[in-house]
Amino acid sequence: MRYLDFELAVDRLVEGEYAVGARSPAGEARARSPLRLDRAELQRQVRAYDAAVRGLRAPPAPPPAPASDLAAAGAGTPAAVTVARRDIAVYDAEPERSPPPAGDVRALGTTLFRAVMVDEVAECWRVCLARARERGMGVRVQLRLQPPELAALPWEYLYDPGQEDFTALSLETPVVRYVEVARAPEALAIERPLRVLAVVASPTDHATLDKGAEQERVGRALAELRDGGQVELEWIEGGTLAALQAALRRGPWHVLHYVGHGGFDAEHDEGVLLLEGEDGRAHPVSGATLGRLLAGHPSLRLAVLNACDGARASESSVFSSTAGTLVRRGIPAVVAMQYPITDGAAVRFAHAFYGALADGVPVDAAVTTARVALAGADRASVEWGTPVLFLRAPDGVLFRTGHTAEWQAMSLPGGGGARGAPARPAAVASSRPTGRLVAAAVGALALPALAAAALAAGRVA
């Protein structure tokens, strides 16, 4: 699929003021938004939204892991890792449902959209959409969110009132969180099958995961693809770091799929995945450590993290999340979860996502394909917005297969043009400094309005 890139950057100017900038083949636009932001209020909104997006009554925040447990994991283990459990017990039990949150999410998405698509930026967006449709192309929305307090918001739910739809639910307009890099990775030419290395980690000192059931779910999701020779799936024996290292040496692998617990090490300001230590207890592995390990395997182009908090960053660094760190360490793309995801949704997402990816679909379009599948399976659910795509490949193409050309030849619905190889217009490819997107004045964005506009009564934690 060919896309025009619509780079949408938000950066902090001074305390309480943010700059919005757009850059695309349709031109550049700038806006200045004074942002009335109370950090405590923002945290409250995020907690409330977490409950609303799952349609569940908000559970209490998980306590920090006991220091004694962490010490047993090995020398140098962080002393304060807040573990985000996958809420298996909550989903296995009959939850107390709130009214379907779709309307609230639409209101929140509209608020977010209008917060950044202001004046000249909004006009640039409309012109870019029109130009792309004339050419039978789409528009890739590349979010460059510098302030961590803004990156914490669920931008995957952007709702365009003019199009009357969620931006990320259309193949015309995939939404990605783009990470600036000096050298963009090239697509890897492969012959099918797409080789997926999968691991389930279930430390004994945390909520137990049924490894057999987890493997069965993922296997069921990929069964048709495996039977058709599109995907090859291999499970690591054991959830330790040593087992992962040994399995990587048996490559080449194209994708790492992780199922387990995630967390955030507040002391070291970084995201972690909880693998198993030699004694079976939790062994927190930081994104930096995992990134160094995976960087030695150039065929591995994608990591999928089915763990809570894989997309969570700190208030001081937007790249401190496990996913953000992996991308900064060289992985071209990472799909992580910003909220817990139910087993049924995870299965549907995996089936649609890996199927599209094996057919040579760009990873951003593959994620969008999976979002559409989730939205179609359950109209009352908004779990399609739970996955977050962190991307450093500018055209979204991770792999080139014999089927890539078939996808590129397809036409957009209602479009008269063909989708060729994703090509960046010269005006966009020449220079990419985010700072050029930021300046000048306009509009106002008040985050407290998010709660009023999007969070219904009874959804506040």
Sorting check: for 326-335, 193-202, which peptide has the highest mean count of neighbouring beta carbons within 10 Å, and how do the rest follow? 326-335, 193-202
Solvent-accessible area of residue 131 with every protein chain in place, 1.4 Å probe, in Å² to the nearest 10: 80 Å²
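Which of rounded, prolate or oblate describes segment 211-257 when judged by the alpha-carbon gyration tensor and an a/c cut-off of 1.5?
Oblate, since a/c reaches 1.5 and b/c is not below a/b.
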With the crude spin-label approximation of a point 7 Å out along Cα→Cβ, what separation in nm comes out for residue 207 versus residue 267? 2.4 nm
With each pseudo-label sitting 7 Å past Cα toward Cβ, what's the residue 14-residue 131 distance in nm, one decimal? 3.4 nm
Name the residues whose placed amide hydrogens come within less than 5 Å of the amide hydrogen of residue 399, ignoring near sequence neighbours (fewer than 5 apart) on the same chain. 188
For residue 372 and residue 343, extending 7 Å from Cα along the Cα-Cβ vector and measuring point to point gives, in nm, a value of 2.9 nm
Of all DSSP beta bridges in segment 201-307, antiparallel share, percent nearest 5: 60 percent
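The values are calculated or read from the model by the stated rules, or taken from the named source; none is laboratory data. For clarity, every value in this text was computed on a predicted model and none was experimentally measured. Glycine also receives a Cβ, built like all others from the backbone with ideal geometry; neighbour counts cover every protein chain displayed. The protein model used for the area step is the full one, side chains on, heavy atoms only, and it has no ligands, DNA or RNA in it. Shrake-Rupley method; radii C 1.70, N 1.55, O 1.52, S 1.80 Å.
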